[in-house]
Amino acid sequence: MPSKPESQVVCPDCNEKLKKCLIQQNYAIIICPSPTCGYPFNQRDVLENLTYVDDNDVLKVAKKRLSTRTKP
């Protein structure tokens, strides 16, 4: 039985490190960031790559992004 996408660290197609891409307030899809790879969109059941993201994790990422922006 294949491992669940959330537990995967690298793309099964190209070995790139997988990333969570927020698609809704508390839901992300696990994708390969490589522009030449189609994972998970080249899979039969893309919904297996959806995962819940805790509010605290969302806030940490948002704060990090805001702190790295350059001010006008």
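Taking segment 21-72, which residues are in a loop (DSSP other than H, G, I, E, B) and among the hydrophobic types (A, V, I, L, M, F, W, C)?
Listed by number, the residues that qualify are CYS32, CYS37, PHE41, VAL53.
Enumerate the pairs (first residue in segment 36-58 and closer than 13 Å to CYS14 by Cβ; second residue anywhere and of a type in the set (S, T, N, Q)) with beta-carbon separation below 7 Å, excluding pairs fewer than 6 apart on the same chain, so at least 6 apart or on different chains.
Taking only residues 6 or more apart or on different chains, the pairs are PRO40/ASN49.
Could you pull out the residue among CYS11, CYS37 that is touching a Phe, Trp or Tyr at 6+ places or on another chain (Cβ under 6 Å), on the phi < 0 side of the Ramachandran plot and not acidic (Asp, Glu)?
After applying the criteria, what remains is CYS11.
When only residues in segment 11-26 that are at pLDDT below 95 and surrounded by fewer than 14 Cβ atoms within 10 Å (Cβ to Cβ) count, which is nearest to ASP57 (Cα to Cα)?
ASN26
The values are calculated or read from the model by the stated rules, or taken from the named source; none is laboratory data. Since the structure is predicted, the reported quantities are computational estimates derived from the model, not experimental observations. For neighbour counting, all protein chains shown are included, and Cβ atoms are generated from backbone atoms with ideal geometry for every residue, glycine included.
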